[in-house]
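Before any comments, here is the structure.
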Amino acid sequence: MLAPSYLGRYHVRMSSESAFCPSCDGQIPPWRVTADAIVELRDKHGSNLGIVLIERLNPPPGWAIPGGFLDPGEDLEDCARREALEETGLSVELSGLLGVYSAPGRDPRGLTVTAVYVATATGEPVAMDDAKSVMIVDPAKPPTPMAFDHDLILEHYRSWKRGQRDLGDLVGAKSAP
C-alpha cells in the first residue's frame, strides 16, 4: 500500500518499507541515523584518564565508541548522551561535534550516518545494555579489532587533539568502505 509523504516542498511516494524519489521515482535506500560520543574520562581533579570504549555484545563484533540509533523525536545530542549513559553508566557533557560519517560500507548492517561528538565524564564506567565490557584506553593505542570505521574516527580525534583539525571540520573526513 502506498501513502504520500511530504518532505519540504517535495512529494515523496512511500510504501511500508521504501521511499521513492520524487524526480525519477527510483527507490531511496533505507538508512539509519546514529550518534556516538568519544568519552574523555576525567578524574576528580580534571586530569584525563583516557577514553572509554565498549566491546560490542551484538554483531558486528569488536571495540567501539559508545553510541547507537536515534530514537523518534530525539535530537542527535540527546541520543549521544543517552547511548553513553546506557552503555557505560556515565553521564557525559558534550564538548563539540568531531564529524559526520556516512561512507557506504562503514556499517555491515546497512547504510548508516553517524554524528560523532567529543564528550567528558567523571566516574567509573560499567558495561551495560549492549556493551559486553568497557575499557579506558589511550586513544593512540586502541584495542583491536575496532568495529565499523571507528579506527578512522579515532584517527580524526587524535588529529584534533594535536591541533591539526577543528571540531566540526569535515575536510578529509571520508571513511573508506
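Quick note: the coordinates plus some simple rules give every number you see, no bench work behind them. Worth saying up front: this structure is predicted, and the values here are computed from it rather than measured. Here the Cβ positions follow ideal geometry from the backbone for every residue, glycine too, while neighbour counts run over all protein chains shown.
Rounding to the nearest 20 debye, state how big the charge dipole of segment 39-144 is about its Cα centre with +1 on each Lys and Arg Cβ and -1 on each Asp and Glu Cβ.
Taking the Cα centre of segment 39-144 as origin, the dipole is about 380 debye.
Residues with amide H under 5 Å of R42's amide H, sequence separation 5 or more or different chain, H placed in the peptide plane at 1.01 Å from N; which?
Close amide H contacts, sequence-distant or interchain: L49, A121, T122, G123.
Taking the C-alpha atoms of segment 35-92, how large are the radius of gyration and the largest Cα-Cα span, Dmax, in Å?
Just the Cα atoms of segment 35-92 yield Rg and Dmax of 12.2, 37 Å.
Under 17 Å from the Cα of K141, which aspartates and glutamates turn up, not counting those fewer than eight places away in the same chain?
Cα-Cα hits under 17 Å: E40, E55, D149, D151, E155.
So, in nm, how far is label D78 from label A103 when the simple model puts each one 7 Å beyond its Cα toward the Cβ?
3.2
Between K161 and E86, what is the spin-label point distance in nm, taking each point 7 Å from the Cα along the Cα→C-beta axis?
2.7
Using the beta-carbon distance between D43 and A127 and R0 = 22 Å, what value does 1/(1 + (r/R0)^6) give for FRET efficiency, to the nearest 0.05?
According to the calculation, E is roughly 0.60.
I want the local charge near S133. Using Cβ-Cβ distances under 14 Å, sum +1 for each Lys or Arg and -1 for each Asp or Glu among the other residues.
Residues near S133 contribute -3 overall.
Apply the Karplus curve 6.51 cos²θ - 1.76 cosθ + 1.60, θ = phi - 60°, to the phi angles in segment 144-160 and return the couplings in whole Hz, x for Gly and Pro.
10, x, 8, 7, 6, 10, 5, 5, 5, 4, 5, 4, 5, 4, 4, 4, 5
Evaluated at 37 °C with a viscosity of 0.692 mPa s, what Stokes-Einstein diffusion coefficient in µm²/s does segment 14-139 have when Rh comes from the Kirkwood expression over alpha-carbon pairs?
211
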